[in-house]
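Quick notes on the structure that follows.
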Amino acid sequence: MEIQQRASHDIQPLIEQRADPFIYRHSDGYYYFVASVPEYDRIEIRRAKNLEGLVTSTPVVIWRKRETGILSANIWAPELHFIDDKWYVYFAAAHTTETNEGLFDHRMYVLENENANPLEGNWTERGQVRGAWESFALDATTFEHNGSRYYVWAQKDPNIEGNSNLYISKMSNPWTLTGPQTMISKPEYDWEIIGYKVNEGAAFLRKGNRVFLSYSASATDYNYCMGLLEADADADLLDATSWRKSQAPVLSTDESISMYGPGHNSFTMSEDDEKTLFVFHARTYKNIIGDPLYDPNRHTFVTELLWTADGKPDFRGSVAALARSVQ
């Protein structure tokens with residue numbers, strides 16, 4: 001697929017044509033990178049000792065979609081996690097590329113690998129992660145906090161208008177939810193409902209006595225943007241009232257630096273473990289021919305995450321610093 005040419009003043013991506021990027025820095029000293037590939041037909045992992053090495057490292061395909069039936073279409077948004085000495089990949093897959101009333105039929109799935117190096121060994125399908133409904137579900141992430149493992153994902157509640165809301169649950173093992181499942185955000189502000197009513201792509205971050213969940217909203221064209229949830233670190237994360245939601249987007253299209261539709265982010269650490277890094281995708285042009293989902297030019301960007309004076313992630317300032325670094 002052709003990569004769109006960029007002007008000299010554009011912010012520069014780390015890796016081209018990779019949407020929904022997830023970078024994990026492991027205790028073995030490697031960075032591991034997974035993302036949606038433009039063909040939506042496989043999951044691949046690449047690793048390197050530094051971020052720049054990810055650009056030229058050879059991707060290893062660990063799993064391909066099935067020919068028909070479940071797990072056969074639109075393989076989206078893989079995340080790689082190391083849990084209890086095993087590797088897990090969380091991802092979404094559909095039965096078909098067709099939609100029903102504007103919705104795909106994605107469900108959430110898990111792969112497992114016991115090998116120390118996830119580029120080697122065997123990946124086992126652990127099956128579907130099932131929420132409260134058998135409905136459109138995707139963009140899962142998992143994290144450990146205060147001794148419990150949590151799972152956050154986007155799903156369609158049949159009784160709520162829109163495409164997807166954000167939910168949280170505890171896990172009894174890396175592929176099974178347990179106990180209450182709580183909705184912590186639904187599309188409600190004007191900037192969350194452009195094109196589609198979407199909350200998706202959550203990413204967890206802790207800083208001091210607060211925890212954050214960044215997420216993405218609206219259609220996947222230039223209207224795509226990021227919101228932020230925050231809670232006290234000692235709060236009950238399964239209580240929806242623990243979470244406070246940004247009333248305005250925390251990152252959105254900025255034509256002055258040719259950044260369009262930023263979102264679906266993750267976080268990782270610098271090589272010295274001193275800095276949090278902000279990983280996200282965006283396009284460097286506005287106008288798209290056809291369905292934006294099938295435009296391949298969502299690229300992966302990485303920059304140091306800056307913080308506001310009151311201790312919140314400063315996504316706009318972080319991206320502005322990235323833009324200045326290439327001018």
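The values are calculated or read from the model by the stated rules, or taken from the named source; none is laboratory data. Not measured: the values here are computed from a predicted model. So basically every Cβ, Gly included, is an ideal-geometry build from the backbone, and we count neighbours across all protein chains shown. Surface areas here come from the heavy atoms of the whole protein model, side chains and all, with no ligands, DNA or RNA. Shrake-Rupley method; radii C 1.70, N 1.55, O 1.52, S 1.80 Å.
Using only the Cα atoms of the stretch 28-68, what are the Rg and Dmax in Å?
Considering the stretch 28-68 through its Cα atoms, Rg and Dmax are 11.7, 39 Å.
Probe of 1.4 angstrom, ligands and nucleic acids ignored: what's the accessible area per residue over the chain, in square angstrom?
42 Å²
Mind checking which of Asp41, Asp310, Asp105 has the largest fluctuation in a GNM of the chain, springs on alpha carbons under 10 Å?
Asp310
Tell me, what is the FRET efficiency for Ala132 and Thr241 to the nearest 0.05, using R0 = 22 angstrom and their Cβ-Cβ distance as r? Numbers along the way, then the final one.
Working: r = 19 Å, r/R0 = 0.88.
According to the calculation, E is roughly 0.70.
In whole Å, how far is the Cα centre of the stretch 282-327 from that of the stretch 190-263?
Between the Cα centres of the stretch 282-327 and the stretch 190-263 lies a distance of 14 Å.
Between Asn146 and Trp307, what's the calculated FRET efficiency when r is the beta-carbon distance and R0 is 22 Å? Round to 0.05.
Values: r = 22 Å, r/R0 = 1.00.
E between Asn146 and Trp307, to the nearest 0.05, is 0.50.
Which of rounded, prolate, oblate describes the stretch 171-223, given a ≥ b ≥ c as roots of the alpha-carbon gyration tensor eigenvalues and a/c under 1.5 marking rounded, otherwise prolate only if a/b is larger than b/c? Please report the intermediate quantities before stating the final value.
Values: a/c = 2.33, a/b = 1.60, b/c = 1.46.
Prolate shape, in that a/c is at least 1.5 and a/b is the bigger ratio.
How many nm separate the modelled label positions at Glu161 and Ser256, each set 7 Å beyond the Cα in the direction of the Cβ?
Spacing of the two 7 Å Cα→Cβ label points: 3.6 nm.
Determine the share of the chain's accessible area contributed by carbon and sulfur atoms, expressed in whole percent, with a 1.4 angstrom probe. Spell out each step's value before the answer.
Numbers: 6090 of 13810 Å².
Percent of accessible area from carbon and sulfur atoms in the chain: 44.
What FRET efficiency would be calculated for the residue pair Asp273, Ile83, taking the C-beta separation as r and a Förster radius of 22 Å, to the nearest 0.05?
Once the sixth-power term is evaluated, E becomes 0.65.
Would you mind pulling out the separation of the Cα centroids of the stretch 53-74 and the stretch 78-113, in Å?
Here the answer is 12 Å between Cα centres.
If you average the sequence gap of Cα pairs under 8 Å that are 6 or more apart and divide by the length of the chain, what percent do you get for the contact order?
With pairs under 8 Å counted, the relative contact order is 15 percent.
Chymotrypsin sites (Phe, Trp or Tyr not before Pro), restricted to the stretch 163-208: which are DSSP loop and have at most 11 other Cβ atoms within 10 Å?
Here no chymotrypsin sites (Phe, Trp or Tyr not before Pro) fit, given the DSSP loop and packing criteria.
Which loop GluC sites (Glu not before Pro) in the stretch 219-327, with loop taken from DSSP, have no more than 12 other Cβ atoms within 10 angstrom of their Cβ? Each step should come with its number before you reach the end.
Numbers: sites: Glu230, Glu255, Glu271, Glu274, Glu304; in loops: Glu271, Glu274.
Passing sites in the stretch 219-327 are Glu274.
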